[in-house]
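In what follows, a structure is listed as structure tokens, so that the remarks can point back to it.
The values are calculated or read from the model by the stated rules, or taken from the named source; none is laboratory data. Just so it is clear, the structure is predicted and the values come from calculations on it, not from any experiment. Heads up, the Cβs are rebuilt from the backbone with ideal geometry, glycines too, and the neighbour counts pull from every protein chain shown.
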């Protein structure tokens, strides 16, 4: 059987995303539902998540926190539309403190950078 190799996703904050971010894992608050996906928000940064390809779809509703893994698809248009993420995994989280999550992520990055400097 042939195995499917997917790129590992880099953990990112919504505000860090660019059109060339590639495969990412992001977390945000569902601001509104849009077609087969949702508009995620995290303290002013927004991202449209296309959930059409997600198996076993999570029940999305405004006001819930979700985490999405997928590929950044294209770039924002001239009308300043948000970037799009073609999700392959989407999960609903319980109550979530995005500011604390960002602090923990930054601490993890600092620790990993310090460890790589030692070797």
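Quick grid of which residues meet (1) within 21 Å of residue 107 (Cα to Cα); (2) out of contact with any strand residue (DSSP E or B) (no Cβ under 6 Å at 6 or more places or on another chain):
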position: 7; (1), (2): no, no
position: 25; (1), (2): yes, no
position: 32; (1), (2): no, no
position: 36; (1), (2): no, yes
position: 39; (1), (2): no, no
position: 42; (1), (2): yes, no
position: 60; (1), (2): no, no
position: 63; (1), (2): no, yes
position: 71; (1), (2): no, no
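Apart from one condition, residue 52 fits all of (1) at pLDDT 90 or above; (2) more than 26 Å from residue 109 (Cβ to Cβ); the exception is (1). The set of residues from the stretch 14-40 being under 21 Å from residue 61 (Cα atoms) and under 10 Å from the mean Cα position of the chain (by Cα) comprises 14, 25, 26, 27, 28, 40.
The set of residues in the stretch 6-40 being touching a helix residue (DSSP H, G or I) at 6+ places or on another chain (Cβ under 8 Å) and either part of a loop (DSSP other than H, G, I, E, B) or over 20 Å from residue 93 (Cα atoms) (or both) consists of 13 alone.
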